[in-house]
Amino acid sequence: MNQVELDGNSNSKGMYDEEFVGKAISYLYRYEQIYIEKKIEPYGISSGQFPFLMRLYREDGINQESLSDYLKIDKGTTTRAIQKLVDEGYVYRLMDEKDRRSYKVFLTEKGKKLKFDMKKIVSEWEDILFFGFSDSQRREIRNSLEIMFENVYQIMLITR
């Protein structure tokens, strides 16, 4: 396995030697948060709001509770993240006519204008992650991660 030294810190060398795979996943997640945070800071968005915005680019007008469920984030955190996006003028909420207790979340024109920039940030991050990997290796990694996610998801359903 090729290992990339990210910052010259010896902690990143040999990280996989007899280490828990969760540690590598955790490091990748943290580095992703740092990278994205730096890239989106000029827009007044934090890494906590970023996944909501990205989901809205795929499904504008989604119910706020569905956003929470999809992103696996509790309702309180979702409410705060959406409110910050509302405050920045990127989204707005409308009461769901079918269920007056819930809200649908929509992108504003300002939010829609960011789509290209936000997707470019994701693409750049994935280029960093997958540098040196063939297309088939990329597919295999994605498939493996999906299987891992499904395994954990099924266990979490059982232990609720």
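The values are calculated or read from the model by the stated rules, or taken from the named source; none is laboratory data. A quick note: this is a predicted structure, and the numbers were derived from the prediction, not measured. Because the Cβ atoms are built from the backbone with ideal geometry, glycine has one as well, and the counts that use them run over all protein chains shown.
Worth pointing out:
- Among (1) more than 22 Å from Phe149 (Cα to Cα); (2) touching an Asp or Glu at 6+ places or on another chain (Cβ under 9 Å), the one test that Leu67 misses: (1)
- Output for the range 46-72, where each listed residue is under 18 Å from Lys113 (Cα atoms) and either acidic (Asp, Glu) or touching a Phe, Trp or Tyr at 6+ places or on another chain (Cβ under 7 Å) (or both): Leu53, Arg55, Glu59, Asp60, Gly61
- Of all the criteria given as (1) at pLDDT 95 or above; (2) over 24 Å from the mean Cα position of the chain (by Cα), the one not satisfied by Asn9 is (1).
- For the range 21-35, the condition holds for at least one residue, the condition being that it is free of Cβ contacts under 8 Å to residues at least 60 places away in the same chain, surrounded by fewer than 15 Cβ atoms within 10 Å (Cβ to Cβ) and closer than 24 Å to Leu107 by Cα.
- Residue identified as acidic (Asp, Glu), more than 20 Å from Tyr29 (Cβ to Cβ) and surrounded by 13 or more Cβ atoms within 10 Å (Cβ to Cβ) among Asp60, Asp117, Asp99: Asp60
- Residue ID - surrounded by the fewest Cβ atoms within 10 Å (Cβ to Cβ), chosen from residues in the range 127-160 that are β-branched (Val, Ile, Thr) and assigned to a helix (DSSP H, G or I): Ile158
- Residue in the range 99-117 that is within 21 Å of Gln33 (Cβ to Cβ), aliphatic (A, V, I, L, M) and in a helix (DSSP H, G or I) present: no
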